[in-house]
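K.L.:
Take this structure, written in structure tokens, and hold onto it; I'll ask about it next.
The values are calculated or read from the model by the stated rules, or taken from the named source; none is laboratory data. No experiment lies behind these values; they were computed from the predicted model shown. Backbone-built Cβ (ideal geometry, glycine too); neighbour counts: all protein chains shown. To get the accessible areas, we keep the full protein, side chains included, count just its heavy atoms, and leave off ligands, DNA and RNA. Shrake-Rupley method; radii C 1.70, N 1.55, O 1.52, S 1.80 Å.
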Amino acid sequence: MTEYYFETREFGLSDKGIHLLRSGYNYETHDYSDIDTLTVEKGKELNNWIIIFVIGLCLVTFSIWYSFRLFNIIYNREVNVIYIENLFVPLIPFMVGLYCVYTSTRNGTVLRLKTTKDKKDKFSLREIEKENKLEGFKQLLKDKLHTKVKIY
């Protein structure tokens, strides 16, 4: 088994190259010679963040609309019986929508990888930042890849 200098749940960095991981097991390896450019920068941590943001916004909008509609039904006494489930319907979409909006707008340090075969990947470096090993990570990349690394 390969020993990684730096490891997150998505990738590991060793002497051979960058290893893409699933559940801690290597499923693909990019040798340092196969890497065209490697960029460490601040950016969105999610790949399809705009879609998640729109879904979250739709859920929050629905729950607000449903709450106003429910309030008007109660206030105008259009019905005699209101079930408890009707009161909880706007709560769950509101909470899920807020979470979607929060995660989609979260920025952090990301690693962008482009190979010579035009394959592009993006990885969050949040775990490495939490361990305060980001500077050592950047230095190792500079030592291994020299001019192919761009750090912003």
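K.L.:
Just to verify a result, which residue in segment 51-88, among those that are under 26 Å from the mean Cα position of the chain (by Cα) and open to solvent by less than 60 Å² (accessible area, probe 1.4 Å), is nearest to Val101 (Cα to Cα)?
P.N.:
Within segment 51-88, the match that is nearest to Val101 (Cα to Cα) is Gly56.
K.L.:
Out of Thr109, Thr105, I need the residue that is closer than 30 Å to Thr8 by Cα, open to solvent by 60 Å² or more (accessible area, probe 1.4 Å) and either among the hydroxyl-bearing types (Ser, Thr, Tyr) or touching a strand residue (DSSP E or B) at 6+ places or on another chain (Cβ under 6 Å) (or both). Which one?
P.N.:
Thr105
K.L.:
Cβ-Cβ under 6 Å, sequence separation 6+ or interchain: first residue in segment 33-44 and within 8 Å of Ile151 (Cα to Cα) and open to solvent by 10 Å² or more (accessible area, probe 1.4 Å), partner of a type outside the set (Lys, Arg) and not in a strand (DSSP E or B). Which pairs?
P.N.:
Glu41/Tyr152
K.L.:
Within segment 67-93, take every residue that is assigned to a helix (DSSP H, G or I) and charged (D, E, K, R) and give me the one that is nearest to Gly56 (Cα to Cα). Working first, answer last.
P.N.:
Quick first cut of segment 67-93, residues assigned to a helix (DSSP H, G or I) only: 67-75, 84-88, 91-93.
From what's left, charged (D, E, K, R): 69, 85.
Numbers: Arg69: 20, Glu85: 22 Å.
Here the residue is Arg69.
K.L.:
Failed condition for Ser33, given (1) within 16 Å of Thr115 (Cβ to Cβ); (2) in a strand (DSSP E or B), with all others met?
P.N.:
Failed condition: (2).
K.L.:
Okay, next question. I'd like to know if segment 115-122 contains one or more residues that are without any contact (Cβ under 8 Å) to a residue 24 or more places away in the chain, open to solvent by 40 Å² or more (accessible area, probe 1.4 Å) and touching a Lys or Arg at 6+ places or on another chain (Cβ under 6 Å).
P.N.:
yes
K.L.:
Which residues, taken from segment 123-145, are open to solvent by 40 Å² or more (accessible area, probe 1.4 Å), in contact (Cβ under 8 Å) with a residue 12 or more places away in the chain and part of a loop (DSSP other than H, G, I, E, B)?
P.N.:
If the condition is that a residue be open to solvent by 40 Å² or more (accessible area, probe 1.4 Å), in contact (Cβ under 8 Å) with a residue 12 or more places away in the chain and part of a loop (DSSP other than H, G, I, E, B), then Lys133 is the only one that fits.
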